[in-house]
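The values are calculated or read from the model by the stated rules, or taken from the named source; none is laboratory data. Since this is a predicted model, take the numbers as computed values, not measurements. Cβ coordinates were reconstructed from backbone atoms using ideal geometry, including for glycine residues, and neighbour counts include every protein chain displayed. What goes into the accessible areas is simple: the full protein's heavy atoms, side chains included, and nothing from ligands, DNA or RNA. Shrake-Rupley method; radii C 1.70, N 1.55, O 1.52, S 1.80 Å.
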Amino acid sequence: MTRLLLVKLARDVSAAKGRIALMVIVIGVGLVAFSTILYTRTIVDREIGRSYRATEPASATLLLRDPVDQAVLNGVRALPGVRDTALRAQFDARWRGADGRWSADPLQTFVYAPGDPLRVARFRVEQGTWPPPPGGILIERVAMRVMGVHVGDPLTIREPGGAPRTLRITGVVHDPSLAPADNEAKGYGYVTGQAFDQVKLLVDGEDPAMITRVARDVGAWLRARGLTVEEIQVPPPFQHPHQGQMNAITAVVLVFAALAFVLSSFLVATLLGGLLTRHIPHIGMLKAVGASSRRLFQPYLLMIFLIGAVATLLAFAPGVVAARLFSGRILDRMLNMDLTDVSVPAWENVAVVAAGVAIPVLLALAPITRAARTTVRQALDHHGGADRATAFGKGRGGIVLMALRNLTRRRTRLALSAGLLAVSGTLFVAAMNVYASFQGAIADAGDQHSVDVEVRTAGPVTAAAVRGVPGVAGVEAWRAESAAPAEPGQISVTATYPDQGHGGFRLVAVPPDTAMLRVPLTQGRWLRPGDVDAAVVNQSRQIGGRPVRVGDTLALSIGGRLTSWHVIGVEQEVFPQGSAYVTPEGLARATGRPYESDLLMVTTVRHDPGARAAAADAVETALSQAGVQVTSSTPRTRYDQAVDGHMYAMLAVLLAIAGALGLVGVIGLAGAMSSAVIERTREFGILHAIGAPAGAVRRLVVAEGVFTALLGCLLAVVPALALTAALRSGLSRMFVPLPFRMSVAAMVTWFAVVVVGAALAVLGPAVRASRLTVRDALARD
Amino acid sequence: MTAIHVDQVSKMYGRFTALDGVSLKIAEGEFAAVVGKSGSGKTTLLNLLAGIDRPTGGRVEVAGTDLGALAESELARWRGRTVGLVFQFFQLLPTLTVAENVALPMEFAGRIPARERRSRAIELLAKVGIEDQAGKLPGTLSGGQQQRAAVARALANDPPVLLADEPTGNLDSVSGRAVLDLFTRLNGEGRTIVIVTHEREVRDVATRRIEMADGQVRG
């Protein structure tokens, strides 16, 4: 490149510094979004693994029917493949604090031996000492907030079937191996005890098959000593219970962030195209005095390279800082983890820098090449005028028709501007549709389980016990049993996590004519009275590595007892908890015990949180008076809050990205319209010369902007539907089955934002156009 | 010696015939004024001589080069070295100073060593009488001064042929006269000059008058 072309480049940049600054900002914003999510994904993924591993989660937990002692544990530790062991117990308790009211949320309580060295499934004491003094309990730090308790507070707990006993909170622990208490709507407590029915194993290696084999060997060894092992739990090794959820969230957000960056680069290419259009006379002149296309290609390529480089330089640090803040927030809010290491691999930094520089250059190659190839003749003929003449609306007058004709005259520019808006609109509406799909899933989950209060009892209970209680509209008596896939002669192995929720499986006995469960069936039929070995299973369940089908036989262990079920139906719940539904008589036959319900499903007259809470209290009071001990009484509101807790980060980020995409689109339109006005300076001068008032020119430009916006909206409809369908499909596979939702609010919002935004965005160029004097316009070369 | 040889050249724009079988020869050192009414084809002819347009039929040879044999990039290089172009609206780059505008073709042609370009630009500006404007941007100059700068730029690589399209069309009479004097002087140095014009004064100073009408040479 020649020295004078460099000088020209520098002065061109200086002359167009507003536009260049806009390009830098647009690329920078896109790159910040992309790098933030890219880094966040890396940091969160690594920190989840690191924090989870630091707790030395048990490779396997063996649930025994009766307590075992330290001598047994010592024997287990000596078995092949076992690296370490621990004895534990746990129970879900009711609790009440200083206010004297039993809480709706259970307190999941983990029991340790006083001398437990905490080498397996450990936690970190943040306040107080471990073990706690006699009568003391430590509470997990997020649970402290959820429960609204403080160190020093008395805490009365009641184990299922036991009598209340009052402890004192003597400390706070941090246990990142568990899903956060606020997400699960429960508390976590840590106490010492004397009786233990869980053997936890640490096994060398991370292969689930190998861990299962070692655990089964341990189970066989325990059986040989007369102990009954009811279940072996092997959760996915070193995978936090929310790992899959986080992967899905960050993958979706990363896709949107990458698209936002590409969109911003596309916008820059459009803005550059506008700038190059202004330079066409210069290009023609340069060619007239001997410049080749290749020579002219170089300065413009250098210009976009420098724009990308400066944008990358400016965006790099904000991206890093935003990623640290964002990942810290995700880890804290969604995973109850501390951020300890914010480093990212060097290749990601290289990728961000390369993307920041290379993608704008790649997208700008086409307009630059086109401009550099402009011939002298084309340049001499260029007056910023029409791409193509059109007969649209020929012979008619009026600003509106004139604006429409102008749009169809400049088809390339129209395609770029409307295309940019369409891409922005597609991404915005698709993001909002995914948001709506998640909300729809939550609503569907509510419709599928039309239960307002779920009451668990320590002993048998009937629906009749609470009929007539004030606020109660309906009640059904159910029973839920933990179950596990079983093979004859083998101890059942499940993927249940230590919280006994994630990865677990339940057999739920429901009245066949239940009015509270409306799950959509994808195969077969629902339960009927008299079905004694029939089960309706969720489609996410697998048998032998494949989804269950009607006609399959399901072998399940219930409390160590082998049972067999025929799958008569496959259903699709939104948030499946790993359940199979059976009839009460079926459960009685399978367990060999008379059917006794321990779960009351209550619907309330009103469905607001206050009415649900009041009904929960009234039901509990009624049951207590009838001598039935309630172990938990959970209003639906808590479940909704828990679901919201799982979704919070994803929805917030999707909304933020959707907003940014909208902004990019409107900026793009403003830039494009500004270029159009500059190019058509001479035309506006002619309009003034033939008597057009300033207001008419202003209205003409605004009308062109609004029509472009409308076209952009129209063009976005089909791609938005397609992208929504693709995202929904991908997320349904990775996460939970999502309903297809079109967010009308999003579409109306986008329409309004784009049309009003376009009108406002072109107002500046329109005012400039209207103020051009005839002399200025016609003197422009 | 023939500087320009146009042989049976025609140029169509769609169905419109801008040039219809034009043939002419211009000898080295001639000062030719191409005259005619609007739409007669004179600017089209000049564009063909400058390699800005390509003929639909026929052959154009300028300074011994058959322009039809050159690719677009070769044409640009040839133009930079062989012809100097002057336009009605000056076509100076607004972000470069006057001297830089004049030096620009030297950079593209690469004939004049880099260290000599600036001084040569100043010399050329002195030749056209505006060396005191060398450091200014074109926008600050009068129309006459800008056109003189454009002439100086056309001389940058000492081309044997100067082509000018209505060079005085956008100037007042005094400035126009000064520019014509300049062309006369340059012709006196032996340069071949072809000017497309409506102006009577140009016809008076040219050594040859080429009359065009309806895409044909009429005299």
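Only Lys, Arg, Asp and Glu carry charge here, each on its Cβ (+1 for the first two, -1 for the last two); on that basis segment B:121-219 has a dipole of about 120 debye about its Cα centre. Label zone (A:R145, point 7 Å along Cα-to-C-beta; backbone nitrogen cut-off 15 Å) within segment A:152-183: A:173-176, A:179-183.
For the pair A:A458 and A:R549 in one chain, pulling the backbone fully straight at 0.36 nm per residue adds 29.3 nm over the alpha carbon distance. Note on A:A473 and A:Q439: the model spin-label points, each 7 Å out from Cα along the C-beta direction, lie 2.3 nm apart.
Think of a 1.4 Å ball rolled over the protein heavy atoms: chain A then has 40 Å² of accessible area per residue.
Panel note: contact residues of segment B:63-85 (accessible area lowered by at least 40 Å² against the chain on its own; 1.4 Å probe) correspond to B:E72, B:A76, B:R79.
Accessible surface calculations at 1.4 Å, restricted to protein heavy atoms, place segment B:55-118 at 39 Å² per residue. Here r is the Cβ-Cβ distance between A:T369 and B:Y13 and R0 is 25 Å; the resulting FRET efficiency, rounded to 0.05, is 0.45.
Normalised by 2.2 N^0.38 Å, where N is the number of residues, the alpha-carbon radius of gyration of segment A:479-564 equals 1.12. Residues of segment A:273-306 buried by at least 20 Å² of accessible area upon assembly of all protein chains, compared with the chain on its own (1.4 Å probe): A:H282, A:M285, A:L286, A:K287, A:A288, A:V289, A:G290, A:A291, A:S292, A:R295.
Output the DSSP H helices from chain A with an along-axis C-alpha extent of no less than 30 Å and a mean Kyte-Doolittle hydropathy no less than -1.0. Those that clear 30 Å and a mean of -1.0 are A:17-54, A:243-288, A:293-335, A:346-372, A:411-448, A:636-679, A:694-734, A:744-771. Measuring spread by the Cα atoms of segment A:188-289 yields a radius of gyration and Dmax of 31.6, 100 Å. Rounded to the nearest 0.05, the FRET efficiency derived from the C-beta distance between B:A69 and A:A317 at R0 = 60 Å is 0.60. Could you state the angle between the C-alpha long axis of helix B:72-82 and the longest principal axis of the C-alpha atoms of chain B, as a value from 0 to 90 degrees rounded to the nearest 10? Approximately 60 degrees, to the nearest 10. Relative to the Cα centre, the charge distribution of chain A, modelled as +1 at Lys and Arg Cβ and -1 at Asp and Glu Cβ, gives a dipole magnitude of about 4420 debye.
All distinct Cα pairs of segment A:58-233 go into the 1/r average, and the inverse of that average, the Kirkwood radius, is 17.0 Å.
Give me the percent of the accessible area of the protein assembly as shown that comes from carbon and sulfur atoms, probe 1.4 Å, all protein chains in place. Mind showing how you got there, number by number?
Details: 22670 of 39800 Å².
Within the protein assembly as shown, the accessible surface is 57 percent carbon and sulfur.
Test of the criteria: in segment B:14-74, which trypsin sites (Lys or Arg not before Pro) are in a DSSP loop and have at most 13 other Cβ atoms within 10 angstrom of their Cβ?
On the way: sites: B:R15, B:K25, B:K37, B:K42, B:R59; in loops: B:R15, B:K37.
Here the trypsin sites (Lys or Arg not before Pro) that fit, given the DSSP loop and packing criteria, are B:R15, B:K37.
Computed extension length for A:S732-A:M1: 257.8 nm, one decimal, from 0.36 nm per residue of separation with the Cα-Cα distance subtracted. Between the helical axis of B:143-154 and the dominant principal axis of chain B, each derived from Cα atoms, what acute angle in degrees is found, rounded to the nearest 10? In chain B, helix B:143-154 runs at an angle near 80 degrees to the longest axis.
Taken along the Cα-to-beta-carbon direction at a fixed 7 Å, the label points for A:T514 and A:R771 span 7.0 nm. Treating each Cα of segment B:29-158 as an identical point scatterer and summing with the Debye formula, the log10 of I(q)/I(0) at q = 0.14, 0.15, 0.16 Å⁻¹ comes to -0.69, -0.78, -0.87.
Given R₀ = 35 Å, what would the calculated FRET efficiency be for B:R59 paired with B:R185, taking r from the Cβ atoms and rounding to 0.05? The partial results should precede the final answer.
On the way: r = 32 Å, r/R0 = 0.92.
Rounded to the nearest 0.05, the efficiency is 0.65.
When both segment A:618-633 and segment A:128-205 are represented by their alpha-carbon centers, they are found 24 Å apart.
How many square angstrom of accessible surface are buried between B and A, both sides summed, with a 1.4 Å probe and rounding to 100? Kindly include the intermediate steps, with their values, before the conclusion.
Details: alone 10070 and 32080 Å², together 39800 Å².
Approximately 2300 Å² gets buried when B meets A.
A cut-off of 5 Å between modelled amide H atoms, ignoring neighbours fewer than 5 places along the same chain, links B:V34 with B:I195, B:V196, B:T197, B:I210.
For the protein assembly as shown, what class follows from the C-alpha gyration tensor (a ≥ b ≥ c being the square roots of its eigenvalues): rounded when a/c is under 1.5, otherwise prolate if a/b is larger than b/c, else oblate? Don't skip to the answer; put the middle values down first.
On the way: a/c = 3.48, a/b = 2.89, b/c = 1.20.
Taking the square roots of the gyration eigenvalues as a ≥ b ≥ c, the protein assembly as shown is prolate.
Take the Kirkwood radius over Cα pairs of segment A:392-536, plug it into Stokes-Einstein at 4 °C and 1.567 mPa s, and you get 59 µm²/s for translational diffusion.
Each of A:L306, A:V44, A:A371 was placed along the dipole of the protein assembly as shown (beta-carbon charges, centred on the mean Cα), and the one lying farthest toward the positive end is A:A371. Modelled spin labels at A:R593 and A:A163, positioned 7 Å past Cα toward Cβ, are 2.4 nm from each other.
Once Rg and the Kirkwood radius are both taken over the C-alpha atoms of segment B:1-100, their ratio Rg/Rh works out to 0.99. Accessible-area loss of 50 Å² or more (1.4 Å probe, protein heavy atoms, chain alone versus all protein chains) is found in segment A:1-31 for A:L4, A:R11. Over segment A:459-628, the ratio between the Cα radius of gyration and 2.2 N^0.38 Å evaluates to 1.09.
Taking trypsin sites (Lys or Arg not before Pro) across segment B:104-136, the ones in a DSSP loop with at most 16 further Cβ atoms lying within 10 angstrom of their Cβ are B:R111, B:K136.
Give me the percent of Cα-Cα pairs in segment B:76-219 that sit more than 19 Å apart, rounded to a whole number. When all Cα pairs of segment B:76-219 are counted, 49 percent exceed 19 Å. Using only Cα atoms and rounding to the nearest 10 degrees, what angle (0 to 90) does helix B:114-127 make with the longest principal axis of chain B? The helix B:114-127 is inclined about 80 degrees to chain B.
Could you quote the convex hull projected area for segment A:65-144, Cα atoms only and averaged over all directions, in nm²? Mind showing how you got there, number by number?
On the way: hull surface 29.3 nm².
Mean projected area of the Cα convex hull: 7.3 nm².
For B:S23, the residues whose modelled amide H falls within less than 5 Å of its own, excluding neighbours fewer than 5 places apart on the same chain, are B:Q8, B:V9, B:V217.
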